[in-house]
Number of protein chains: 2
Amino acid sequence: MFSIGELSKQAKVKIPTIRYYESIGLLAPAERTEGNQRRYTAEGLERLGFIKHARELGFSVESISSLIELQEHPDRSCYEATELAETQLRAVRAKIRQLRSLEQELARISTGCSGDDVSENCYVLSALANHNLCNKDH
Amino acid sequence: MFSIGELSKQAKVKIPTIRYYESIGLLAPAERTEGNQRRYTAEGLERLGFIKHARELGFSVESISSLIELQEHPDRSCYEATELAETQLRAVRAKIRQLRSLEQELARISTGCSGDDVSENCYVLSALANHNLCNKDH
DNA sequence: TATAATATCTCTAGCGACTAGAGGTTCAAG
DNA sequence: CTTGAACCTCTAGTCGCTAGAGATATTATA
Ligand SMILES: [Zn+2]
Ligand SMILES: [Zn+2]
Ligand SMILES: [Zn+2]
Ligand SMILES: [Zn+2]
């Protein structure tokens, strides 16, 4: 049994974040000492690790909630888990595509002015004012 | 002189967003009719177009504020504008790198299970529980 | 001109996923 | 038993909007 501070250190998740997860029901309410302080077991650490990892991979709290549900019922079909992972993968890929398009435009805009002119003649400013100067959608 | 609804249609920016921009000082307060409704000119449309385009390229509202400042002083050096654009470009590139790393892991995790097993044996769930199974940092 | 339909007004609250701070209590070391 | 670090709850703030309530203004038609 260890404190929230210990858990925080072990899992590398900030204390307020742990309390937040509990408050929204992502973590089960921790046991408490007589003085009302939270106490955790290795299981809690594992749970938090799962959450942390999934968050780092970009899953929403809602998705993680479903994943944990599944984990708690080892006999259920894992169909939903793979669905969620694939959805997440698609979302990441879409985001990458969009950012790449932004990157192109920003690179073009950035190199269009060396920064030693007056703002009236600045290509950066006119490019921002004028989407027609862009090559792609974004 | 046209209404906020017209402006919204022309600029393809939602009405509450226009009011929001005004409320945070990104758009100058619009002129008003006797009955207190906002009225805009072509200049307002241009301004909003600038903001919209910059937002689409990922600039923060704060950065856009600085860019507009610059635009309003055509004689000033445009150094800050290029700086902001380059910073933004770097941020986008960093984000892309991070997302690519996520993509790799997610692709691996996704293909690890076809979704027709029970959750106990699901590779998706165990991979999420275990960062050690990952190849890269993220 | 009267009425009705549509548009606009302000204000407040909500989203997601935290983060920070105030003000008070409990724990553990010495 | 004292001290100081760690913990507690609660509220509010972050960013960039978005949605809704309830009131008022404008516009089009009869
Ligand atoms: Zn320039
Ligand atoms: Zn553009
Ligand atoms: Zn599976
Ligand atoms: Zn990992």
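Odds and ends about this structure:
- Three-way shape label, the stretch B:21-70, alpha-carbon gyration tensor, a/c 1.5: prolate
- Sorted by Cβ density within 10 Å, fewest first, the residues A:D75, A:D116: A:D75, A:D116
- B:D116 paired with B:A28, simple spin-label distance in nm, labels 7 Å along Cα-to-beta-carbon: 6.7
- Modelled this way, with points 7 Å down the Cα-to-C-beta line, the labels at B:L45 and A:K14 are 4.5 nm from one another.
- Between A:V124, A:V92, A:V61, the residue with the greatest mean-square fluctuation in the GNM of chain A (Cα pairs under 10 Å linked by springs) is A:V124.
- Helix A:42-56 and the longest principal axis of the C-alpha atoms of chain A enclose an angle of approximately 10°.
- Karplus-based coupling profile of the stretch B:15-20, in residue order and whole Hz: 4, x, 5, 4, 5, 4, with θ = phi - 60° in 6.51 cos²θ - 1.76 cosθ + 1.60 and x standing for Gly or Pro.
- Proportion of all alpha-carbon pairs of the protein assembly as shown beyond 36 Å (%): 40
- Among residues other than B:L99 with Cβ under 9 Å from its Cβ, the summed charge is +4 (Lys and Arg +1, Asp and Glu -1).
- In the elastic network of chain A, a GNM with C-alpha springs shorter than 10 Å, the most mobile of A:E34, A:E69, A:E43 is A:E34.
- Overall Cα dimensions of the stretch A:83-138 - principal axes, largest extent first, Å: 53, 20, 13
- Inter-chain neighbour count for A:66-77: the average number of beta-carbon atoms from partner chains within 10 Å of each residue's beta-carbon is 4.
- Pairwise centroid distance, computed over Cα atoms, of the stretch A:15-50 with the stretch B:41-63, Å: 44
- Rg/Rh, computed from the Cα trace of the stretch A:35-138 with Rh as the Kirkwood radius, has the value 1.29.
- Adding -39500 (n - 2.57) for every DSSP H run of four residues or longer, then dividing by how many residues chain B holds, sets the calculated 222 nm ellipticity at -19500 deg cm²/dmol.
- Around B:P74: net Lys/Arg minus Asp/Glu count, Cβ-Cβ under 12 Å: -4
- Max mean-square fluctuation residue, GNM over chain B, Cα-Cα springs under 10 Å, options B:E72, B:E46, B:E120: B:E120
- With both labels modelled 7 Å from their Cα along Cα-to-Cβ, the B:Y79 to A:S3 distance reads 5.0 nm.
- Pairs of lysine residues in chain A that meet both criteria, 8 or more places apart or on different chains and Cα atoms under 28 Å apart, total 7.
- Electrostatic dipole magnitude of the protein assembly as shown [Cβ: Lys, Arg +1; Asp, Glu -1; Cα centre; debye, to 20]: 40
- Here the relative contact order of chain A, from alpha carbon pairs under 8 Å that lie six or more residues apart, stands at 16 percent.
The numbers here are math on the coordinates, done by the rules we state, and not lab data. These numbers come from a predicted model, not from an experiment. Cβ atoms come from the backbone with ideal geometry, glycine included; neighbour counts cover every protein chain shown.
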